[in-house]
Amino acid sequence: MNQSRRAVVAVLVLFWTAAALADQAADWKSLVDAEKAFAETALEKGLRTAFLKYLAGGALIFRPQPTPGRPFYEKLSPDLPTVLIWRPLFAEISGAADMGYTSGPYEVYKDRLTKEGSDFGHYVTIWKKQSGGDWKAILDIGISHAEFGSRSDDVRAPAEPGPAAAGTVSGLELERAKLTLRTAEASFSKRSEAEGLAKATKAYAADRIRFYRQGNFPASGIKEALKLLARLESPSSWTPVGIDVSTSADLGYTYGTGRLSHFAAGDSADKVERAFSYLHIWRKAGDGTWRIVLDLALLHPSQ
């Protein structure tokens, strides 16, 4: 190939890359807009109407165990006075723009006027694009914590997103991606049980991991996550109940239930076990391995 042809090819590559990045930015914005519209509908028309409009047919909510979402909200009274306010502050999509997730703070008030019975926390919602091009929520989970002070409305994307506008992979490649993700999840659980969650997290997490635990503000980045784990760490193991991967095989998630064990404060012989539900969101790294970009655990009530 002569020099002039190389120059033409280089220009075309730059053009295609720029176009792909622009398409990905537009797809990312469409997900953020869907989340904002979801929140606005809840505020204006109530929880039942909003969730039935934006939940996909087989969507799951966590209460705290995985529960079919639409049947739950179909039973909810349209006149329920509870007010739920939330906004996305972080969002990410797959290379094929068929799967994504959003996260941000929420506020719950049982009474709109007095704000009695208030609760605060952070939510995570996983979305899938439907055949008609609309985004629908397929999984919704959250943690509670103390009231937060930030009121920023700027939604951020990952500093290091995945490949721009990656195409869909073959069926065989997709099944292989699901298998490798299931293997990574199982290895993560085994290592946590054997060596503790902190060492396991350090081995499997992306540097930009977002870490969610009840009663604590979400930690952002591996250093902050490990600091939080230093206070909360307990050997734990879990079993995935569900797994899914984007059609570009670069973004996936697992959810399920597990048990953690620790020794009660002041009595090293008093071993305590707690059940929990979890969500792990994984992103394919540049070397082809799966890395956790979001880890959320939701404890079940004590028996």
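The values are calculated or read from the model by the stated rules, or taken from the named source; none is laboratory data. In this text, all values refer to a predicted model and were calculated from it rather than measured experimentally. Note that we place each Cβ from the backbone using ideal geometry, even for glycine, and neighbour counts take in every protein chain shown.
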Worksheet item: Does region 206-213 contain at least one residue that is of a type in the set (D, E, K, R), modelled with pLDDT of 90 or more, under 20 Å from the mean Cα position of the chain (by Cα) and over 17 Å from R291 (Cβ atoms)?
Response: yes
Practice prompt. Of all residues in region 75-92, count the ones that are under 15 Å from H122 (Cβ atoms), aliphatic (A, V, I, L, M) and part of a strand (DSSP E or B).
Written response: 3
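Listed here are the residues, each with its yes/no results for (1) assigned to a loop (DSSP other than H, G, I, E, B); (2) under 26 Å from T257 (Cα atoms); (3) among the acidic types (D, E); (4) free of Cβ contacts under 8 Å to residues at least 60 places away in the same chain.
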site: R48; (1), (2), (3), (4): no, no, no, yes
site: A56; (1), (2), (3), (4): no, yes, no, no
site: L60; (1), (2), (3), (4): no, yes, no, no
site: R70; (1), (2), (3), (4): no, yes, no, yes
site: Y73; (1), (2), (3), (4): no, yes, no, yes
site: Y106; (1), (2), (3), (4): no, yes, no, yes
site: V124; (1), (2), (3), (4): no, yes, no, no
site: G132; (1), (2), (3), (4): yes, no, no, yes
site: F148; (1), (2), (3), (4): yes, no, no, no
Worksheet item: Could you count how many residues in region 216-257 are more than 18 Å from the chain's Cα centre (by Cα) and not in a helix (DSSP H, G or I)?
Response: 5
Fill in: Residue list for region 71-83, filter: modelled with pLDDT under 95 and either among the β-branched types (V, I, T) or surrounded by 18 or more Cβ atoms within 10 Å (Cβ to Cβ) (or both)
T82, V83
Practice prompt. Name the residue, out of A219, A206, A225, that is surrounded by fewer than 21 Cβ atoms within 10 Å (Cβ to Cβ), in contact with a strand residue (DSSP E or B) (Cβ under 7 Å, 6 or more places away or on another chain), touching a residue at least 60 places away in the same chain (Cβ under 8 Å) and of a type in the set (A, V, I, L, M).
Written response: A206
